[in-house]
Structure formats: C-alpha cells, structure tokens
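The structure appears right after this line, and notes come after that.
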Amino acid sequence: NESFILSPSLLSADFGRFAGELADLEDAGVAWAHLDVMDGHFVPNITFGPPIIKRLRQKSRLFFDTHLMIERPERYLAEFRDAGADLICVHAESTVHLERACAEIARLGARPAVALNPATPLSAVEYLLPQLFMVLIMSVNPGFGGQSFIPFCLDKVRDLRAMINARGLSTHIQVDGGVTPENTPALVAAGADILVSGSAFFGHPPYGERLRTFHEAARQ
Ligand code: DX5
Ligand code: ZN
C-alpha cells in the first residue's frame with residue numbers, strides 16, 4: 001500500500017509568517033500540519049506553545065498534528081487541546097505516567113499518540129497500542145530540523161508494523177526526522193502511513209509540486 005499522509009513540519013517554515021504558511025499549505029492540497037513544541041528541557045531547543053497554536057487555529061482548517069517535546073506534558077494537555085490541537089503526541093521518555101497522559105488526551109477529545117526516540121524500544125508502547133491513534137517513530141534525535149535519517153529506524157518501523165498487524169489493530173505509524181522523497185518508498189514499504197517532513201519539504205517550493213514529488217516517489 002503506497003498511500004500515506006504527508007505532514008509538513010512548521011519547524012522549517014517561516015516563523016514570521018506562520019498563518020501565511022498554513023494558508024499556502026492548504027492551497028497546495030496539504031491536509032495536516034506538524035507542530036513541533038519544544039521546551040528547552042526535554043530537547044535543547046525552544047519553539048512555541050498553546051497561544052500561537054490558538055491563533056493559528058482561528059486561521060486554518062488543517063489537521064493540527066501536535067508533537068510535544070516537553071517534560072511532563074500531562075501538565076499542559078488541556079491547554080493544547082483548548083488551543084485546537086487535533087492530535088496530541090507525547091514522548092514516552094517525557095513522563096512516568098504515559099498511560100494516564102494518553103487516556104487524558106482521549107478524554108479531551110483529541111487523537112492520542114506516543115513518540116519514541118530512536119533508542120527507545122517498541123516495548124515502551126506495546127501494551128498501549130489499542131488505545132493509540134498513532135505511534136511516532138523518531139528517526140533523528142529530536143530538537144532540530146535538517147538532520148540525517150538514522151538507518152536502523154527503518155527496521156523499527158517494520159517491527160512496529162508487524163506488532164500492530166499481529167494484533168489486528170489500525171494504529172497509524174508516523175515517521176519524523178530526515179524524511180525525503182528518496183527514503184519515502186522504503187518507509188512506506190516498511191509500513192509507515194504518515195510522514196513528517198521539515199527541511200526536505202519547505203526547502204523546495206512551490207509546496208503543491210513538492211507534495212506531488214513525495215507522493216510520486218512512493219509510486220515508483
Ligand atoms: C525534530 C522534529 C521534526 C523536524 C523534522 O525534532 O520533531 O518534526 O522538524 O525536520 P526534518 O524533516 O528537517 O528532519
Ligand atoms: Zn516533530
């Protein structure tokens with residue numbers, strides 16, 4: 001199955017014109033926007049939080065795919081949901097109460113998802129799979145855009161796909177970090193169905209054409 005959703009990461013967009021970038025994405029036929037929230041503690045970088053997302057929500061109908069790279073995200077789940085996050089993804093490494101965080105995201109009416117850093121084993125999410133909309137396999141160490149894809153993450157996607165299929169579940173697999181049109185065919189073949197792209201997407205306008213390049217790559 002070669003179909004997947006491309007979720008462009010705003011980390012590589014123009015921070016001075018987020019609303020315009022979202023409008024451009026919508027015009028280009030993109031459906032999702034990946035919002036990277038960083039707190040300077042869980043990762044060595046700082047981006048933006050609920051107030052910015054709230055303002056963007058008023059100007060965009062894109063699906064807000066919200067990737068929280070913050071310590072103890074349970075403190076802010078309601079705020080992100082109120083701001084308009086459609087999906088809230090928390091890192092397994094960022095909280096000792098992962099199940100509670102995921103249950104809370106679902107209770108708030110958002111899609112619950114868990115992200116795993118490259119070195120974190122799949123067993124961290126194994127028992128949670130039935131209650132997750134998506135698992136995010138990080139294919140770089142989070143914090144910055146423009147890094148290279150870590151090759152073993154492809155095996156991790158394949159193993160997670162097998163785990164999900166063996167259980168008869170429909171959990172989505174997202175891959176984030178160093179995704180390009182070149183590695184898209186392998187990722188989709190391994191079982192990923194949502195791909196995040198920052199630098200390889202925003203660095204190659206116009207966005208509509210770039211979206212097609214990703215999708216055509218998967219058809220080769
Ligand atoms: C990394 C972020 C990614 C990042 C991906 O910490 O979670 O979403 O923006 O950027 P690229 O596609 O440039 O690796
Ligand atoms: Zn991300």
By how many nm would the segment from A23 to Y127 lengthen if fully extended, with 0.36 nm per residue of separation less the alpha-carbon distance?
-> 33.6 nm
Would you compute, from DSSP H runs of 4+ residues alone, the mean residue ellipticity of the chain at 222 nm, taking -39500 (n - 2.57) per run and dividing by the full residue count, rounded to the nearest 500?
-> -9500 deg cm²/dmol
For region 15-137, what is the convex hull volume of the alpha-carbon atoms per residue, in Å³?
-> 107 Å³
Where does each of L87, L132 land when they are ranked from fewest to most other beta-carbon atoms within 10 angstrom?
-> L132, L87
How high is the relative contact order of the chain, in percent, counting Cα pairs under 8 Å that sit 6 or more residues apart?
-> 22 percent
Are there chymotrypsin sites (Phe, Trp or Tyr not before Pro) in region 135-220 that DSSP puts in a loop and that have at most 14 other Cβ atoms within 10 Å, and which ones?
-> F152
Net charge near L169, counting Lys/Arg +1 and Asp/Glu -1 over other residues with Cβ under 14 Å of its Cβ?
-> 0
How big is region 5-219 in terms of Cα radius of gyration and Dmax, in angstroms?
-> 15.9, 45
Extension gain from F15 to T213, taking 0.36 nm per residue of separation minus the Cα-Cα distance | 68.9 nm
Once amide hydrogens are built 1.01 Å from N within the peptide plane, the residues lying 5 or more places from S9 or on another chain with amide H under 5 Å from its amide H are H34, S197, G198
Chain lengthening between S170 and E99 when straightened (0.36 nm per residue, less Cα-Cα) | 23.7 nm
Under Karplus coefficients 6.51, -1.76 and 1.60, residue-wise ³J(HN,Hα) of region 190-196 in Hz, glycine/proline x = 6, x, 6, 10, 9, 10, 9
How do 66-79, 162-175 rank on mean C-beta neighbours within 10 Å, highest first?
-> 66-79, 162-175
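Bear in mind these aren't lab numbers, they're just calculated from the coordinates by the rules spelled out. Every value quoted in this text rests on a predicted model; they were computed, and no experiment measured them. Glycine gets a Cβ as well: all are built from the backbone with ideal geometry, and neighbour counts include every protein chain shown.
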